[in-house]
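Here the structure is laid out as structure tokens; the discussion comes afterwards.
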């Protein structure tokens, strides 16, 4: 017979907390590690705020925000807040340029747009503000 320390709780007696199933493999053995949730089954790690809201859109944390913290949406017009060199050319997008009808995309350059006189390019949301 094993003698456990008096305050030992047998692992099966720990109530399963209200942690969500793993978003990758849907296993229910998720545990919390600091701010992360970890799935021991497939080793996926995520923060609880990564989860999608019931309507299938990501929670507001993933919203694209402009330099002032306003949420941007596809179709918005924005104003470039500083001169930006266009990669691979000698062109510069001047601070103050208004860009209409932006399209949000994933990636570090999270805005796709067309700029008059320059053409299609990608911008980082931190270099624009909502018009």
Expressed as a percent, the portion of alpha-carbon pairs in segment 64-130 spaced more than 21 Å apart is 11
For 115, 71, ascending order of other Cβ atoms within 10 Å (fewest first) is 71, 115
Going highest first, how would you order 82-91, 18-27, 36-45 by mean Cβ packing within 10 Å? 36-45, 18-27, 82-91
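Here, each number is a calculation from the coordinates, and none is a lab measurement. Everything numeric here is computed off the predicted structure, so don't read it as measured data. Heads up, the Cβs are rebuilt from the backbone with ideal geometry, glycines too, and the neighbour counts pull from every protein chain shown.
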